[in-house]
1. What residue, of 209, 139, is open to solvent by 70 Å² or more (accessible area, probe 1.4 Å), of a type outside the set (Phe, Trp, Tyr) and at pLDDT 50 or above?
2. Looking at the stretch 216-232, can you tell me whether even one residue there is farther than 16 Å from residue 187 by Cα, more than 15 Å from the chain's Cα centre (by Cα) and either open to solvent by 30 Å² or more (accessible area, probe 1.4 Å) or touching a residue at least 12 places away in the same chain (Cβ under 8 Å) (or both)?
3. Please pick out the residue among 15, 37 that is open to solvent by 70 Å² or more (accessible area, probe 1.4 Å), among the hydroxyl-bearing types (Ser, Thr, Tyr) and under 30 Å from the mean Cα position of the chain (by Cα).
4. If I filter the stretch 272-281 for residues that are modelled with pLDDT under 75 and either closer than 25 Å to residue 129 by Cα or exposed (fewer than 11 other Cβ atoms within 10 Å of the Cβ) (or both), do I get at least one hit?
5. Being farther than 27 Å from residue 291 by Cβ, hydrophobic (A, V, I, L, M, F, W, C), assigned to a helix (DSSP H, G or I) and at pLDDT 90 or above narrows it down to one residue among 230, 238; which is it?
6. Would it be correct to say that residue 260 is of a type in the set (Lys, Arg), out of contact with any Gly (no Cβ under 7 Å at 6 or more places or on another chain) and within 23 Å of residue 234 (Cα to Cα)?
7. I need a count of the residues in the stretch 84-102 that are surrounded by fewer than 22 Cβ atoms within 10 Å (Cβ to Cβ) and in a helix (DSSP H, G or I).
8. Would you check if residue 261 is free of Cβ contacts under 8 Å to residues at least 60 places away in the same chain, open to solvent by less than 70 Å² (accessible area, probe 1.4 Å) and at positive phi?
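The values are calculated or read from the model by the stated rules, or taken from the named source; none is laboratory data. Note that the coordinates shown come from a computational prediction; the quantities given were computed from them, not determined experimentally. As a convention, Cβ positions derive from the backbone with ideal geometry for all residues, glycine included, and neighbour counts pool all protein chains shown. Note: areas computed on protein heavy atoms with side chains; ligands, DNA, RNA excluded. Shrake-Rupley method; radii C 1.70, N 1.55, O 1.52, S 1.80 Å.
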Amino acid sequence: MAQALADTLRGYLQYLVVERGLAANTVESYRRDLLRYVSVLAGHGRTGLGDVTAADVAGFLASLREGDEEHAALAVSSAARAVIAVRGLHAFAVAQGLAKLDPARDVPPPTPPRRLPKAITLTEIERLLAAAGPAPNSPNTLNGPDASPGPDPNTRAPGSAATHGAAAGVEPRQLRDRALLEFLYGTGARISEATGLDIDELQLDSEDPMVRLVGKGGKHRVVPVGSYAVRAIEAYLVRARPALAASSLRGTPAVFLNARGGRLTRQGAWGVLHAAAGRAGLDPGTDVSPHTLRHSFATHMLDGGADIRVVQELLGHASVTTTQVYTLITVDRLREVYASSHPRALG
């Protein structure tokens, strides 16, 4: 790779982190895409971005979709992300005076087909949650009706030490898994936001329980926490988290812990969801992904009459147009109900 190209790429990635505040995962994806791009440019004898033409950029886009001996063909969405990264790099070079023209400006990224977010029904949500672990008021947990008398868990500070540990017959991880899925559905949080959550970002002992989430680009938002999620999280914090934390000599502020006492990873959280979906016995055609509970949260909120701007704020979307895709789901549902209910809907 030519030194000029390498220096420009390094400067652009640093700009994305420092000035734009993009998430680490996004910057890493851009880095991989741009390394491939500058490698292709170097192979064509381009030593600087000032030498690049619109044909070079269009050719790179075509190679992404077609693939080559070293790379498989990319999906439309992945190719679009790569082209957006390339356009950003060239715009940065022009703004910094490293190139006079922007050859990528008129090369649009491919338009991915519109795919609606996949939500599941409330009944399926309840089956999924039940499969994850016992409810906080279950007889199998210490705060159930068969438990020995003791302090009301709702009056204890989150994270305070448990006096008895997890209830007999209930693994700490079951309480954690139930709390995690209740939290995801009850707040609409991304899985990365849940796994990145720290104890001091929870405010469950107030009249209006809230949580402070750190979203994409380090942006913060405050979201209410529903009563079902509050009870599940408190049961986990008091009766299960101390047992998980004891597996590690190093303390961590993380809310959700793995079996070794460290912070639960995104992959670990996805494993929790996947396992619960398997035990729930959902219909074979039901696709459960890391975003399923978030999509269901938004769809059910709108179905219940929530204002789209409120849902936008709760989800942490920068633009309401991102949230509007959920309205298409509810409109489809309205059409379905109308067609099956109105006596003169179908001829």
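1. Going through 209, 139 in turn, the sole match is 139.
2. Within the stretch 216-232, not a single residue is farther than 16 Å from residue 187 by Cα, more than 15 Å from the chain's Cα centre (by Cα) and either open to solvent by 30 Å² or more (accessible area, probe 1.4 Å) or touching a residue at least 12 places away in the same chain (Cβ under 8 Å) (or both).
3. Exactly one residue qualifies, and that residue is 15.
4. Within the stretch 272-281, none of the residues are modelled with pLDDT under 75 and either closer than 25 Å to residue 129 by Cα or exposed (fewer than 11 other Cβ atoms within 10 Å of the Cβ) (or both).
5. The conditions single out 238.
6. Yes, satisfied.
7. Qualifying residue count, the stretch 84-102: 7.
8. yes
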